[in-house]
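Working notes for the structure below.
The values are calculated or read from the model by the stated rules, or taken from the named source; none is laboratory data. Everything numeric here is computed off the predicted structure, so don't read it as measured data. Note that each Cβ is placed from the backbone with ideal geometry, even for glycine, and that neighbours are counted across all protein chains shown.
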Amino acid sequence: MNSEIEQKNESINQFKQIFKRYQAQISLLFIIVDQERNDIVKQNFMDIYSQFKKFRKQIIVLLHNRFDEQFEQNSTLKNYFMNIAKIRKFYSLSNAELQDQNSIDEYFKKILEEQQGDLEIGIDMKDTIFEVRDEKKSEIENHAFELAFFKSKLEQLQDSVHQDDQQLLLYQQKIAELERSKIRNLNQIREIEKEISQKQRVIEKIQKEAQLKSQTSSQVKISQQQGLQITNQNYGIVNKKDEQFLKSEIQTLEIQRKTLSDRLDQCLKNQDMIDQQKQTNKQGKKSQGYEKQLQFQIEDLWKQIEETSTKIRESNHQLEKLKSDFNQNQQNFQQTTSVSNYRNSVNINQISSQYYDYQGNRWP
């Protein structure tokens, strides 16, 4: 296969040299085809004709009867050459006409005399495989091809840069939106911190008041059982109010922590979205700055959530302490009531004993 290609290239180069040397003198091209079956003749002719198709008006086909066989007049081939291939002329060629150089010269002289009427001298090899190309022109064409390639590549890069600019603009808009959201969240966090601080002070105030009331109740001497019952009821009312207040505060803090967690989840989703976009698009310095700001916001939210959780734990601890103090107070009240009842009983017995003895020794 390689040898056939090399042979074909060699033949093309030989024709190039011939055409280059005699291009202005060539008026006719003769193609000799051995006479065989029609299909073989057509195939052999097309193998050569395909390279010279541009010169069909100057091509003369010589059908060579190499073995001097008897062939009938073949109108099919004549029609093929003249009407389909549309060559200039079609002739038969026998071995007798090729016996010697004189016979060959006479044969071709006769053909040339018949074709003198509209004969054109010179052929144009441009746009054929036999064209001998100018080196400078070829170099210019090569550079022009490379230039067109680089221009196409430049347009592609410019389109890519334009798309990156559009994507960067979207990022900048998103960054601005997130910045506004961050400011709103920070303001709300500050407000929540103020509320938590105020609620904490209220809790401490209520605890001090409850402690003060407890101390005052222990110092004021109320008449026996009734005074103790009033004190215990008042303490129970205060304790219940304090417990309800702490539960309400804990519920409020839980809601605030849930809000902060939701915001943190949104920030994490935004960060995941930025990470995915970074893998498919170029990131500028502004996008990197936004990513750092988003990381700072996430850390700040984690801090706020932890602080809120700490305050919730402290409130729960205070609630448990309040319950414990209330239970302890109940126990103290029960013990005090028992002691008071016992003392009253003893005093009554002593008064009764003295009374009856005074009346006349009725109870010895």
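What the table below lists for this structure:
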item: From the options Arg201, Arg184, residue that is within 30 Å of Ser315 (Cα to Cα), loosely packed, with under 14 Cβ neighbours inside 10 Å, over 20 Å from the mean Cα position of the chain (by Cα) and modelled with pLDDT under 90; result: Arg201
item: Matching option when the condition is out of contact with any Phe, Trp or Tyr (no Cβ under 7 Å at 6 or more places or on another chain), of a type outside the set (Phe, Trp, Tyr) and crowded, with 18+ Cβ neighbours inside 10 Å, among Gln43, Gln51, Gln58; result: Gln58
item: Whichever residue in region 66-122 is among the β-branched types (Val, Ile, Thr) and in a helix (DSSP H, G or I) and, among such residues, is nearest to the chain's Cα centre (by Cα); result: Ile84
item: Of the criteria (1) at pLDDT 85 or above; (2) of a type in the set (D, E, K, R); (3) loosely packed, with under 15 Cβ neighbours inside 10 Å, which one Lys20 fails; result: (1)
item: Lone unmet requirement of (1) within 27 Å of Gln116 (Cβ to Cβ); (2) within 60 Å of the chain's Cα centre (by Cα); (3) modelled with pLDDT under 85 for Tyr49; result: (3)
item: Candidates Leu178, Leu157, Leu147, Leu170 - the one that is touching a residue at least 60 places away in the same chain (Cβ under 8 Å) and assigned to a helix (DSSP H, G or I); result: Leu178
